[in-house]
1. Restricting to the range 1-14, name every residue that is surrounded by 13 or more Cβ atoms within 10 Å (Cβ to Cβ) and in a loop (DSSP other than H, G, I, E, B).
2. Determine if the range 61-70 includes at least one residue that is exposed (fewer than 15 other Cβ atoms within 10 Å of the Cβ), touching a Phe, Trp or Tyr at 6+ places or on another chain (Cβ under 6 Å) and part of a strand (DSSP E or B).
3. In the range 1-41, how many are of a type in the set (Gly, Ala, Ser) and touching a Leu at 6+ places or on another chain (Cβ under 6 Å)?
4. Within the range 8-21, does at least one residue satisfy the condition of being modelled with pLDDT of 95 or more, over 25 Å from Arg121 (Cα atoms) and within 12 Å of the chain's Cα centre (by Cα)?
5. Can you tell me which residue in the range 93-114 is nearest to Glu17 (Cα to Cα), limited to those that are surrounded by 16 or more Cβ atoms within 10 Å (Cβ to Cβ) and touching a residue at least 60 places away in the same chain (Cβ under 8 Å)?
6. Quick one: count up the residues across the range 29-55 that are outside any loop (DSSP other than H, G, I, E, B), over 12 Å from the mean Cα position of the chain (by Cα) and either closer than 22 Å to Leu87 by Cα or among the charged types (D, E, K, R) (or both).
7. Has the range 40-47 got any residue that is out of contact with any helix residue (DSSP H, G or I) (no Cβ under 9 Å at 6 or more places or on another chain), in contact (Cβ under 8 Å) with a residue 24 or more places away in the chain and not aliphatic (A, V, I, L, M)?
Amino acid sequence: MAAYEMRVSVVSQYLKEQSEPEQESYVFAYTITIKNTGSVAAQVIARHWIITDAKNHVEEVKGLGVVGHQPFLAPGQSFEYTSGSSLKTPQGSMQGSYFCVAEDGHRFEVSIPEFVLSLPRTLH
């Protein structure tokens, strides 16, 4: 087991009721679970997102914490939150990283694997 390790999992969904395709506004929610899979407790301090739409327009978002929290996770503990993003295209993707500080002062980054934002497929 690595000392400084977090596992990130993501589930995304399209929010049809908040979207306005005729205005090029497609809204998505995503639920993220961050689990401390390392052997040292650590706190999530900041986030960095790279959001890319289907036209390759890239937006970067950086900030402290996640949804107003800076969760401190002991080994084995998880933190789950839901947030959202709006795109001008019906498909896109997000990826990024969390900046963390372990209780022993060690600083490290946790990669957020790329995930897809997309309207559900429909059959005609």
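1. Selection gives Ala3, Tyr4, Glu5.
2. yes
3. Of the residues in the range 1-41, the ones of a type in the set (Gly, Ala, Ser) are 2-3, 9, 12, 19, 25, 29, 38-39, 41.
When the remaining residues are screened for being touching a Leu at 6+ places or on another chain (Cβ under 6 Å), the result is 12, 29.
The total comes to 2.
4. yes
5. Selected residue: Met94.
6. The total comes to 3.
7. Keep residues of the range 40-47 that are out of contact with any helix residue (DSSP H, G or I) (no Cβ under 9 Å at 6 or more places or on another chain), which gives 40-47.
Now narrow it down to the ones that are in contact (Cβ under 8 Å) with a residue 24 or more places away in the chain: 40-47.
Filter once more, so that each one left must be not aliphatic (A, V, I, L, M): 43, 47.
The answer is yes; a qualifying residue exists.
The values are calculated or read from the model by the stated rules, or taken from the named source; none is laboratory data. Being a predicted model, the structure only gives us computed values, none of them experimental. A quick note on method: Cβ atoms are made from the backbone with ideal geometry, for glycine too, and the neighbour counts reach across all protein chains shown.
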